[in-house]
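The values are calculated or read from the model by the stated rules, or taken from the named source; none is laboratory data. Here the structure is a predicted model, which means the values were calculated and not measured. Ideal geometry is used to build each Cβ from the backbone, glycine not excepted, and the neighbour counts take in all protein chains shown.
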Amino acid sequence: MGEWTQGDVLTNGIRMHYYRTGDGSLPPLVLCHGATDSGLCWTPVARALEGEYDIIMIDARNHGLSESPQGPSAPQEQSEDLAGLIRALGLERPTVMGHSMGGGATLQLAANHPDLVGRVILEDAAPVEFNPARLAPENRARMFDWMRNLKGKTREEVMAMGRQQSPTWSEEELGPWADSKLQVNVDAMSRYTPVSEPWRDLFARVRCPMLLIIADNDKGSMARPELAAEAARLFPNVRVAHVPGAGHNVRRENYDGFMAAVRAFLAEG
């Protein structure tokens with residue numbers, strides 16, 4: 001395959017960095033990472049699909065090489081960042097896939113800008129009923145203490161930590177994961193809140209086909225199977241794929257199952 005390129009766009013008042021596998025001659029696929037990750041955390045997925053898609057991996061605000069603006073960083077703001085990127089790059093109704101935080105932004109984008117999106121894939125991002133405990137001061141403090149602690153480590157030390165905490169992840173995952181932890185702007189992320197509209201309201205406004213990739217709740221998956229079944233029942237554009245043996249990081253914990261679900265959905269056209 002050809003060499004990947006990278007660049008920046010001005011969108012929604014910020015400079016957003018991105019990586020790209022193609023030249024615009026293939027169907028566009030935008031990949032949106034989760035909190036504390038970065039665009040290159042999609043590397044294994046991009047390597048697998050770059051022969052069929054023009055893949056754009058974004059660094060969300062406060063992450064990677066993108067800017068960290070003052071002000072809020074909720075799904076609404078991040079979805080407008082994505083809308084501006086799609087327009088700036090001239091992408092024609094791309095498929096947009098998002099994990100966790102990136103999935104929240106992707107869902108908000110598809111709900112608010114149905115004309116911009118051709119298909120949506122959400123990796124353990126929805127449907128989720130918001131839990132106020134996630135915003136409890138002690139929980140947020142624990143998360144930010146963990147993030148700040150990583151800043152004092154070397155890349156190799158962060159990789160070793162990831163290897164110990166997630167022994168089933170492939171080695172290809174660990175380098176980009178470690179880099180993203182050293183790049184993330186912790187102070188700016190303290191302004192991030194996952195609060196958005198109720199998922200049913202958002203789903204009702206999405207017009208394109210949408211795949212919900214869910215995994216096992218006892219392994220850390222957030223999306224509930226009963227809510228996913230409800231979504232498929234209420235909204236005819238929704239498909240659900242359960243990937244067993246994985247938790248929140250579905251693609252990292254069952255790569256083959258994740259890719260099979262993605263490829264099957266993309267093949268629907």
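Worth a mention:
- M57 vs. criteria more than 20 Å from V195 (Cα to Cα), touching a helix residue (DSSP H, G or I) at 6+ places or on another chain (Cβ under 8 Å) and either crowded, with 20+ Cβ neighbours inside 10 Å or without any contact (Cβ under 8 Å) to a residue 60 or more places away in the chain (or both): yes
The rows are residues; the columns are (1) over 18 Å from the mean Cα position of the chain (by Cα); (2) at pLDDT below 95; (3) assigned to a loop (DSSP other than H, G, I, E, B).
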| site | (1), (2), (3) |
| --- | --- |
| L116 | no, no, yes |
| A125 | no, no, yes |
| E138 | yes, yes, no |
| M159 | yes, no, no |
| E173 | no, no, no |
| V195 | no, yes, yes |
| D201 | yes, no, no |
| R207 | yes, no, yes |
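- Residue match in the stretch 128-135 (condition: in a helix (DSSP H, G or I), free of Cβ contacts under 8 Å to residues at least 12 places away in the same chain and touching a helix residue (DSSP H, G or I) at 6+ places or on another chain (Cβ under 8 Å)): yes
- Per-region count, the stretch 92-105, residues in a loop (DSSP other than H, G, I, E, B) and out of contact with any Leu (no Cβ under 8 Å at 6 or more places or on another chain): 2
- Filter result (surrounded by 23 or more Cβ atoms within 10 Å (Cβ to Cβ) and either of a type in the set (S, T, N, Q) or touching a residue at least 60 places away in the same chain (Cβ under 8 Å) (or both)) within the stretch 222-251: A223, N249, V250, R251
- M222 vs. criteria of a type in the set (A, V, I, L, M) and in a loop (DSSP other than H, G, I, E, B): yes
- Taken over the stretch 92-127, the criterion of being without any contact (Cβ under 8 Å) to a residue 60 or more places away in the chain and not charged (D, E, K, R) is satisfied by L109, H113, L116.
- Scanning the stretch 185-195 turns up one or more residues that are hydroxyl-bearing (S, T, Y) and surrounded by fewer than 17 Cβ atoms within 10 Å (Cβ to Cβ).
- In the set G51, G84, G7, G39, only one residue is buried (at least 21 other Cβ atoms within 10 Å of the Cβ), modelled with pLDDT of 95 or more and not hydrophobic (A, V, I, L, M, F, W, C); that residue is G39.
- Any hit, the stretch 12-26, residues being outside any strand (DSSP E or B), within 19 Å of the chain's Cα centre (by Cα), of a type in the set (A, V, I, L, M) and closer than 30 Å to D187 by Cα: no
- The set of residues in the stretch 252-264 being buried (at least 20 other Cβ atoms within 10 Å of the Cβ) and assigned to a helix (DSSP H, G or I) consists of R252, E253, Y255, F258, A261, V262.
- Each residue in the stretch 52-83 was checked for being closer than 23 Å to L116 by Cα and of a type outside the set (D, E), and 16 of them qualify.
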